[in-house]
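Bear in mind these aren't lab numbers, they're just calculated from the coordinates by the rules spelled out. Bear in mind that the values here come from a model prediction, so they are computed numbers and not experimental data.
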Amino acid sequence: MSRATRNLCKTLDLIAANNEAAAIAVMRAAEASNDQVLKQQLLNVIHRLNVDAALLQASRHEIANDGLKRA
């Protein structure tokens, strides 16, 4: 696997982890909110962050597998 591929995989892992951490922080804020409209908006943000993290992780695995096949 090339250095560029390894760096890209590390970057995707980092971004996915940051999305997951942000989702947890937003979840805590949603739990603390008494405003139901705001809570629903925050829950939507949490969902999008988690979906994006999953897509990033899937892309990372695809890139890593493709890089290993070429090596």
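Structural remarks
- Estimated [θ] at 222 nm from DSSP helical runs (n ≥ 4, -39500 (n - 2.57)) normalised by residues in the chain, nearest 500: -33500 deg cm²/dmol
- Cα centroid of segment 42-71 to Cα centroid of segment 1-41, whole Å: 12 Å
- Counting only alpha carbon atoms, the long axis of helix 36-70 and the longest principal axis of the chain meet at about 10°.
- Highest-MSF residue in the chain out of Ala58, Ala32, Ala23 [GNM, Cα springs under 10 Å]: Ala32
- Stokes-Einstein translational diffusion, the chain - Kirkwood Rh over all Cα pairs, 1.002 mPa s, 20 °C, in µm²/s: 160 µm²/s
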